[in-house]
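To start, the structure itself, in structure tokens.
The values are calculated or read from the model by the stated rules, or taken from the named source; none is laboratory data. As the structure is a prediction and not an experimental result, all values here were calculated from the model. Here Cβ is always computed from backbone atoms with ideal geometry, including for glycine, and neighbour counts include all displayed protein chains.
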Amino acid sequence: MNKKKYIPFLLAVIFGNVLYFVVFSGKRAPKNPIEKTTLFDEQNNKIDASTFTGKVLILSYFQTWCGDCRKEQPELMELQKHFGDKLKVVMITDESFDKVNSMKAVLPSDLIFYRSEKPLKEIGIRRFPTTYLINKKGEKVEAKVEGIDWYNDDMIKEIDALII
């Protein structure tokens, strides 16, 4: 049996799988996975996801090492300042708070940070940042993967409409 004739077939299958992953799972955000994990605040208190119900939210799943995540945070802080208590920006990572605090020493932040009990990849987050705009009913209105353009006129209008 000549094994060499199977190599092109095997390479085609591998290439097809890689292409499928890049095209179809690269920039799409999964359904908001907040219910798939338990969150903890910086004092290691367990946070029930239902505490966010009835609020307009921005949920950003991030990593401290991620450059785009760091670029996104100032924009999210501006949105938080613009809307005050009408909008809640929630930053979620699976990293330790030691790493988060080290990042905050370099990039000061007024945002609220939570740690996911489960690894983010396990709940469907594979690219960073993956950020959601959530309405008061808990439904995803908008999602951006590796998107840092949040503080703009269109987004302000969209959030205004959700707050009413």
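Which residue is modelled with the highest pLDDT, if the candidates are limited to the range 88-120 and must be in a helix (DSSP H, G or I) and basic (Lys, Arg)? Spell out the reasoning first.
In the first step, residues of the range 88-120 are kept if they are in a helix (DSSP H, G or I); the result is 97-106, 120.
In the following step, the residues that additionally are basic (Lys, Arg) were identified as 99, 104.
Details: 99: 96, 104: 91.
Taking the candidates together, the pick is 99.
Just to be sure, is residue 117 within 19 Å of residue 54 (Cα to Cα) and touching a Leu at 6+ places or on another chain (Cβ under 9 Å)? So that I can check it myself, show each step before the final result.
On the way: within 19 Å of residue 54 (Cα to Cα): no; touching a Leu at 6+ places or on another chain (Cβ under 9 Å): yes.
In short, no.
Of the conditions (1) under 13 Å from the mean Cα position of the chain (by Cα); (2) modelled with pLDDT under 95; (3) closer than 12 Å to residue 72 by Cβ, residue 129 clears all except one; give me its number.
Only one criterion in (1) under 13 Å from the mean Cα position of the chain (by Cα); (2) modelled with pLDDT under 95; (3) closer than 12 Å to residue 72 by Cβ is unmet by residue 129, namely (2).
Any idea how many residues of the range 102-137 are more than 27 Å from residue 31 (Cβ to Cβ), free of Cβ contacts under 8 Å to residues at least 24 places away in the same chain and not hydrophobic (A, V, I, L, M, F, W, C)?
2
Just to be sure I understand, how many residues within the range 66-106 are of a type in the set (A, V, I, L, M, F, W, C), surrounded by fewer than 14 Cβ atoms within 10 Å (Cβ to Cβ) and closer than 24 Å to residue 155 by Cβ? Even if it seems obvious, please write down each step before you answer.
Residues of the range 66-106 of a type in the set (A, V, I, L, M, F, W, C): 66, 69, 76-77, 79, 83, 87, 89-92, 97, 100, 103, 105-106.
After this cut, where a residue has to be surrounded by fewer than 14 Cβ atoms within 10 Å (Cβ to Cβ) as well, the list is 105-106.
Okay, now just the ones that are also closer than 24 Å to residue 155 by Cβ, so none.
So the answer is 0.
Residue check: is residue 141 part of a strand (DSSP E or B) and either more than 21 Å from residue 30 (Cα to Cα) or within 12 Å of the chain's Cα centre (by Cα) (or both)? Please lay out each step first, then the result.
Working: part of a strand (DSSP E or B): yes; either more than 21 Å from residue 30 (Cα to Cα) or within 12 Å of the chain's Cα centre (by Cα) (or both): no.
So residue 141 fails the test.
Does residue 63 qualify as being touching a strand residue (DSSP E or B) at 6+ places or on another chain (Cβ under 8 Å), assigned to a loop (DSSP other than H, G, I, E, B) and either among the acidic types (Asp, Glu) or touching a residue at least 12 places away in the same chain (Cβ under 8 Å) (or both)? Lay out the reasoning, then the answer.
Numbers: touching a strand residue (DSSP E or B) at 6+ places or on another chain (Cβ under 8 Å): yes; assigned to a loop (DSSP other than H, G, I, E, B): yes; either among the acidic types (Asp, Glu) or touching a residue at least 12 places away in the same chain (Cβ under 8 Å) (or both): yes.
Yes, satisfied.
Could you tell me whether residue 31 is touching a strand residue (DSSP E or B) at 6+ places or on another chain (Cβ under 6 Å), at pLDDT below 90 and part of a loop (DSSP other than H, G, I, E, B)? Write out each step before concluding.
Details: touching a strand residue (DSSP E or B) at 6+ places or on another chain (Cβ under 6 Å): no; at pLDDT below 90: yes; part of a loop (DSSP other than H, G, I, E, B): yes.
In short, no.
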